[in-house]
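Each remark here refers to the structure printed beneath this line.
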Amino acid sequence: MLDIRVMCFNIHHGVGTDRRYDLQRIKQVIKNSGADLVGLNEVDRHFSSRSDYQDQLKELANDLDYHWAFSPSINREKASYPICQYGNVLLSKYPVIDQQSHSINLLNGIAEKRSLLHAIVQMNNFQLNAFVTHLTMVPFLHRKQTDFVWKHTSPSLLPSVIFGDWNMMSGSKSWRKMAGSYNDAWAFAGKGNGKTHPSMKPKIRLDYLFVSAHFHIISCEVLKKAACASDHLPVVCDLRIK
């Protein structure tokens, strides 16, 4: 038996509600959460001036002492930087022993590219699947992207956690698709209304943690402190391997 804490958080490339870039605020939110596994969306790696061309992944992982995995949704070519990417990240207190990045590019450049990160984490004497994604708000594309994620995550013999900014309503067709194979952590143990966006006055729940039946869901909550750090609030869940 093992208890773990997981968190999903769209960091808005480090730009807060005050429109100021400050990655230190994101670091503090992650540190204060005490999470063992953190799924992050909208992470820049030398991407543009909006984030001072920083490699946010390396800075977060190194400063907070996490192992990591990365899935680029967008790649750019810049002569001044060998890496110029934007995408999804897993930070892990446990070693990441394998990782894959799946591109979700269904319309060949017409819509923003998306991706699904799949990492296998070695947690003491067992392994765990961690998936991180960020889907579109366009309804017909969202359904296709959800089908893609569902096919690449189900079924698995390993305990699995899916982190992400899903841009969907609970009870929607896409939600029902995922909830048919996984447990929506908030639906089982959520505290409060679960709304995560916009962060200062949240009106909608966009950020979800889906977990496989291997887990007992102890608690789930939205962290409201430091709401100015991003336009989303993070969701934290305590899990126990059955």
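List of remarks:
- Summed side-chain charge close to Gly192 - residues other than Gly192 whose Cβ falls under 12 Å, Lys, Arg +1, Asp, Glu -1: +3
- Shape category assigned to region 1-99 from the gyration tensor of Cα positions, a/c cut at 1.5: oblate
- The trypsin sites (Lys or Arg not before Pro) of region 55-127 that DSSP puts in a loop, and whose beta carbon has at most 16 other beta carbons within 10 Å, are Arg76.
- Between Gln127 and Ser170, the modelled labels are 3.3 nm apart [label points 7 Å from Cα along Cα→Cβ].
- Hypothetical label at Glu59: residues of region 83-109 whose amide nitrogen lies under 19 Å (7 Å Cα-Cβ projection): 83-92
- Here region 3-241 is treated with +1 on each Lys and Arg Cβ and -1 on each Asp and Glu Cβ, and its dipole about the Cα centre works out to around 680 debye.
- Ranking of Trp166, Trp186, Trp150, Trp68 by count of other Cβ atoms within 10 Å, fewest first: Trp150, Trp68, Trp186, Trp166
- Here the Gaussian network model covers the chain, with springs between Cα atoms less than 10 Å apart; of Ala119, Ala229, Ala187, Ala187 fluctuates the most.
- Of Ser103, Ser172, Ser219, the one that fluctuates the most in a GNM where the chain has Cα springs shorter than 10 Å: Ser172
- Farthest toward positive dipole pole in region 3-241 [+1 Lys/Arg, -1 Asp/Glu at C-beta], among Leu37, His152, Pro95: His152
- Cα gyration tensor, region 1-48 - rounded (a/c under 1.5), prolate or oblate: prolate
- When the Gaussian network model of the chain links Cα atoms closer than 10 Å, the mean-square fluctuations of Asp55, Asp36, Asp65 top out at Asp65.
- Neighbourhood charge, 10 Å Cβ-Cβ cut-off, centred on Cys220 and excluding it, Lys, Arg +1 and Asp, Glu -1: -2
- Most positive-pole-ward Cα, Thr136, Ala226, Ser51, against dipole of the chain from beta carbon charges: Thr136
- Measuring from each cysteine beta-carbon in the chain, the ones with no other cysteine beta-carbon under 4.7 angstrom are Cys8, Cys84, Cys228.
- Counted residue by residue at 0.36 nm each, then reduced by the alpha carbon distance between them, the extension gain from Asp147 to Asp98 reaches 15.3 nm.
- Cα-based shape type of region 3-241, given that a ≥ b ≥ c are square roots of the gyration tensor eigenvalues and the cut on a/c is 1.5: rounded
The numbers here are math on the coordinates, done by the rules we state, and not lab data. Please read these numbers as outputs of a predicted model, since none were measured by experiment. All Cβ positions, even for glycine, are placed from backbone atoms using ideal geometry, and neighbour counts span all protein chains on display.
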